[in-house]
Amino acid sequence: MKGFALALVGVVVFGVSTLRADVLWDQPWDGVSRGSPAQEFTDTDNRIYSVWLFDDFTVPQPGWWIERVTVYGSEQGTPSYNLGVLLSISSAPRADAINVVATGTEVVLEPGGAPLRRRANLVFEVSGFYLPPGRYYLSAWVRRPFEPGGQWFWLRTSPAIGEPFYLHNPAGGWGFGGDPVGGGWFTEQDLSFTIEGRSTITVAGTVHLEEYGGDKTVIPVTIELREPGSTSVLETHVVNLDSEGRYSFQTLLQGTYDLSAKASHWLRQTLPDVTLTAGTVVDFSLANGDIDGDNEVTLFDFGALVAAFGAVPGDGNWNPDADLDGDEDVTLFDFGILVRNFGAIGDE
């Protein structure tokens with residue numbers, strides 16, 4: 001399961017200081033339903049009653065960057081005996097597929113001591129955890145002895161969103177066997193928890209491919225999101241244009257960044273200090289003539305064009321990057337574009 005965790009945090013890397021937390025998934029306690037034990041007992045006499053509860057949630061495209069998970073519960077015991085407050089996010093609701101992603105803290109919200117049942121939430125700070133799109137099963141539990149530690153209960157809620165919660169009690173206590181029981185503790189309910197972090201926004205706009213009359217839809221454009229004033233790349237998006245040169249992509253980043261665009265035989269353009277919020281529109285205009293892709297229009301590009309001069313698709317010397325105007329024929333028109341832009345250098 002370690003590989004699962006490493007894969008999650010390796011998908012997107014960026015600075016988190018400029019982003020705000022959003023509520024990504026919310027199943028608050030309904031104020032009525034009782035809780036179910038969610039505990040791994042450490043004392044031998046009670047291990048048969050160790051229970052893991054799982055509830056599903058769905059992550060949309062292109063994923064979430066999770067900061068905090070709060071699991072709502074109640075306490076009938078003594079939290080000072082906790083040996084662990086654990087959070088799992090797994091691909092299946094099974095105790096043999098548990099992937100522990102964080103340890104947390106139990107926060108008792110109401111006064112009184114054992115055996116009084118009182119509100120007590122589990123809070124997990126999980127900044128820097130990226131979860132790709134898909135369905136997952138969240139589990140949280142307290143590890144402590146029953147004597148003298150008592151029990152922690154995960155509060156339930158109705159109505160269910162997605163599947164009702166699952167119960168897994170491998171040792172068979174309370175009459176349950178080792179396989180997960182759908183519907184939980186004889187109830188078609190959900191468990192109450194909240195996931196906070198960063199939701200995605202859509203960035204859209206147009207890329208004007210200068211002096212090009214060919215099919216824009218076959219020209220991929222690489223857009224980089226960078227730290228302001230730096231070439232340090234935080235995210236890279238390879239976008240496809242429509243026939244009008246329009247593009248869009250989703251990002252987890254929000255705040256102010258530099259945006260850079262580069263296509264095959266066009267020079268790079270970098271726009272500084274672009275503020276990314278919901279509905280941000282960013283337009284680019286890319287200068288033509290960079291046949292060799294080194295972000296400059298030089299004699300090397302002239303050499304590449306000469307080598308491909310007169311070629312059409314299928315010829316041995318055909319070079320699509322020398323067809324600057326996109327008419328599928330390397331001609332004097334392409335020379336004209338290169339001459340007009342000779343000496344130009346793209347942005348960093």
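The values are calculated or read from the model by the stated rules, or taken from the named source; none is laboratory data. Only a predicted model underlies this, so the values are computations on that prediction, with no experimental measurement involved. Heads up, the Cβs are rebuilt from the backbone with ideal geometry, glycines too, and the neighbour counts pull from every protein chain shown.
Summary table
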read-out: Total residues in the range 303-318, condition within 16 Å of Asn288 (Cβ to Cβ) and either surrounded by fewer than 17 Cβ atoms within 10 Å (Cβ to Cβ) or among the small types (Gly, Ala, Ser) (or both); value: 2
read-out: Among residues of the range 208-234, those that are within 8 Å of Gly326 (Cβ to Cβ) and without any contact (Cβ under 8 Å) to a residue 24 or more places away in the chain, counted; value: 0
read-out: Scan of the range 276-289 for residues that are modelled with pLDDT of 95 or more, surrounded by fewer than 17 Cβ atoms within 10 Å (Cβ to Cβ) and not hydrophobic (A, V, I, L, M, F, W, C), ordered by number; value: Asp283, Ser285
read-out: Elements of type strands (runs of 3 or more DSSP E) contained in the range 163-217, each with 2 or more residues being more than 29 Å from Ser285 (Cα to Cα) and not hydrophobic (A, V, I, L, M, F, W, C); value: 166-168, 193-198
read-out: Positions within the range 227-268 being under 20 Å from Pro60 (Cβ atoms), in a strand (DSSP E or B) and of a type in the set (A, V, I, L, M, F, W, C), in sequence order; value: Val239, Phe249
read-out: Check on Glu328, surrounded by fewer than 16 Cβ atoms within 10 Å (Cβ to Cβ), touching a residue at least 24 places away in the same chain (Cβ under 8 Å) and outside the structural domain of Pro220 (by TED's automatic domain parsing); value: no
read-out: Residues (of a type outside the set (A, V, I, L, M), assigned to a strand (DSSP E or B) and buried (at least 18 other Cβ atoms within 10 Å of the Cβ)) located in the range 83-115; value: Ser88, Ser90, Glu106
read-out: Residue pairs meeting the criteria (Cβ under 7 Å; at least 6 apart or on separate chains; first of a type in the set (Ser, Thr, Tyr), in the range 105-131; second part of a strand (DSSP E or B) and surrounded by 14 or more Cβ atoms within 10 Å (Cβ to Cβ)); value: Thr105/Val85; Thr105/Val123; Ser127/Glu67; Tyr130/Trp65
read-out: Subset tally (residues that are part of a loop (DSSP other than H, G, I, E, B) and either among the aromatic types (Phe, Trp, Tyr) or not assigned by TED's automatic domain parsing to the domain that holds Thr222 (or both)) for the range 279-317; value: 1
read-out: Filtered residue count, the range 196-207, keeping only those that are surrounded by 15 or more Cβ atoms within 10 Å (Cβ to Cβ) and either without any contact (Cβ under 8 Å) to a residue 12 or more places away in the chain or closer than 30 Å to Pro28 by Cβ (or both); value: 6
read-out: Filter result (crowded, with 19+ Cβ neighbours inside 10 Å and in a strand (DSSP E or B)) within the range 26-58; value: Gln27, Gly35, Ser36, Pro37, Gln39, Phe41, Val51, Trp52, Leu53, Phe54, Asp55, Phe57
read-out: Matching residues, the range 141-160, being surrounded by 22 or more Cβ atoms within 10 Å (Cβ to Cβ) and farther than 18 Å from Ser33 by Cα; value: Trp141, Val142, Arg144, Gly149
read-out: From the options Gly134, Gly104, Gly113, residue that is small (Gly, Ala, Ser) and on the phi > 0 side of the Ramachandran plot; value: Gly134
read-out: Extreme residue, farthest from Thr194 (Cα to Cα), among residues of the range 133-162 that are in a loop (DSSP other than H, G, I, E, B) and out of contact with any helix residue (DSSP H, G or I) (no Cβ under 7 Å at 6 or more places or on another chain); value: Glu147
read-out: Answer residue from the range 116-140, given it is modelled with pLDDT of 95 or more and of a type in the set (A, V, I, L, M) and is surrounded by the fewest Cβ atoms within 10 Å (Cβ to Cβ) among those; value: Val123
read-out: Residue count for the range 69-82, restricted to those that are surrounded by fewer than 18 Cβ atoms within 10 Å (Cβ to Cβ) and assigned to a helix (DSSP H, G or I); value: 2
read-out: Residue ID - nearest to the chain's Cα centre (by Cα), chosen from residues in the range 250-273 that are more than 27 Å from Asp301 (Cβ to Cβ) and surrounded by 19 or more Cβ atoms within 10 Å (Cβ to Cβ); value: Leu252
